[in-house]
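The values are calculated or read from the model by the stated rules, or taken from the named source; none is laboratory data. This one's a predicted model, so the numbers in the text were calculated from it and none came from an experiment. We place every Cβ from the backbone using ideal geometry, glycine too, and count neighbours over all the protein chains shown. Surface areas here come from the heavy atoms of the whole protein model, side chains and all, with no ligands, DNA or RNA. Shrake-Rupley method; radii C 1.70, N 1.55, O 1.52, S 1.80 Å.
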Amino acid sequence: MRWDIFCKVIDNHGDIGVCWRLAADLAGRGETVRLWVDAPGALAWLAPAGAPGVQVLPWTAPATEAPGDVVVEAFGCELDQVFVAGMASQAKAGRAPAWINLEYLSAEPWAERCHGLPSPVLSGAGQGLVKRFFYPGFTARTGGLLREPDLPARRSRFDRSAWLSAMGIPFAGERVLSLFCYEPPGLTTLLADLAADPRPTRLLVTAGRAAAAVQAWLDRGHPTGTLSIDRLPLVPQREFDHLLWACDLNFVRGEDSIVRALWAGVPAVWNIYPQEDGAHRAKLQAFLDWMDAPPGLRAFHQAWNDGGALPHLDIEGWRPAASAALQRLLQQDDLTTQLMRFVAAG
Ligand code: TRH
């Protein structure tokens, strides 16, 4: 089938990150995809090699091409009326494209309730058409999570030492952590704790806001003690996955990276995307509930995101919850499988 995925980059890298993964995963399964994006700049490092079957199109002017068989409106970005008019005329000809509204990820109970609901279009060029809401999620009654078919096999073949050495990162058996975050209140305490810990730590810091936040701490002259810091360049998504697989614990953020951290099967700490109305707090609690997170991991999340006394890292203690979460998810169909089935079922 021919898919049109529309993506508006609000900020950071999550919108395009999720849309690219979906586009590439669909194409990997033999689908043909046009990815319309208003700000494609990040794709230069996120997916420098592109993907066979995915055509990236600038969405800086109204899309006037004839719609494909499936139209995905990612994260409530609004389609151009001229494009919707094209969908309506295909519908009149008996070839109505499936119109999917792909939503943000949440473990809150409403994701199950709202997943799959139809939304009849009552006005405008699309009057009479029906969009359907597709909610990603962590349970069998949601649309699931993006997971390429070969991911578990690639993960189990992954050689951590070889990857670290190929990246030019020295490794002598110390614990390895990755850092991808905004400016979480708990960061400075974490850095000080790691520096003072008798066990050596290597912290792999991603480019951008995480690197700037760590640099600000270093600039204040804090001693680094047993903490070694390596700064990474922006790497393609595939390498980003490898980074998460190479670590004993991952600090992640946003939407896509927390999902990828789950696939790594090791503990993760989520710097949730802050929303002005504070809605992110309920979202974080729902995720920790679903994770069956032990009290120490919950307390760490609380302080990491909102401030207060930061508990010590307990990687070993948090590992069983991460393994169990991975096993639960592997029993469920991935998002692309479910989306294709949802579209086929009409
Ligand atoms: O960048 P994020 O914080 O993104 C988002 C956006 O802010 C979005 O508007 C918001 O709604 C959402 O969060 C909740 O975090 P996320 O979602 O993890 O996306 C980051 C992407 O960047 C992910 O696909 C991984 C990728 N990435 C790389 O591929 N290589 C890198 O070197 C880095 C640092 C990231």
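What the table below lists for this structure:
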item	result
Lone unmet requirement of (1) more than 13 Å from the ligand (Cβ to nearest atom); (2) in contact with a helix residue (DSSP H, G or I) (Cβ under 6 Å, 6 or more places away or on another chain); (3) in contact (Cβ under 8 Å) with a residue 40 or more places away in the chain for residue 306	(2)
Region 25-45: number of residues that are within 12 Å of the ligand (Cβ to nearest atom) and either within 14 Å of the chain's Cα centre (by Cα) or without any contact (Cβ under 8 Å) to a residue 24 or more places away in the chain (or both)	1
Selection from region 267-295 of residues that are more than 15 Å from the chain's Cα centre (by Cα), open to solvent by less than 20 Å² (accessible area, probe 1.4 Å) and touching a residue at least 40 places away in the same chain (Cβ under 8 Å)	267, 286
Failed condition for residue 177, given (1) open to solvent by 40 Å² or more (accessible area, probe 1.4 Å); (2) over 24 Å from residue 15 (Cβ atoms)	(1)
Selection count where residues are out of contact with any Leu (no Cβ under 9 Å at 6 or more places or on another chain) and more than 26 Å from residue 281 (Cα to Cα), scope region 317-346	11
Residue that is modelled with the lowest pLDDT [pool: residues in region 67-86 that are among the charged types (D, E, K, R) and either open to solvent by 10 Å² or more (accessible area, probe 1.4 Å) or more than 26 Å from the chain's Cα centre (by Cα) (or both)]	78
Region 120-144, residues that are surrounded by 13 or more Cβ atoms within 10 Å (Cβ to Cβ) and among the polar types (S, T, N, Q)	139, 142
Failed item, numbered, when residue 255 is tested on (1) over 20 Å from residue 169 (Cβ atoms); (2) crowded, with 16+ Cβ neighbours inside 10 Å; (3) more than 10 Å from the ligand (Cβ to nearest atom)	(3)
Check on residue 321, farther than 16 Å from residue 144 by Cβ, open to solvent by 30 Å² or more (accessible area, probe 1.4 Å) and assigned to a helix (DSSP H, G or I)	no
Of all residues making up region 221-259, the number that are outside any strand (DSSP E or B), in contact with a strand residue (DSSP E or B) (Cβ under 8 Å, 6 or more places away or on another chain) and over 13 Å from residue 17 (Cα atoms)	7
Of all residues making up region 196-251, the number that are surrounded by fewer than 17 Cβ atoms within 10 Å (Cβ to Cβ) and over 27 Å from the mean Cα position of the chain (by Cα)	14
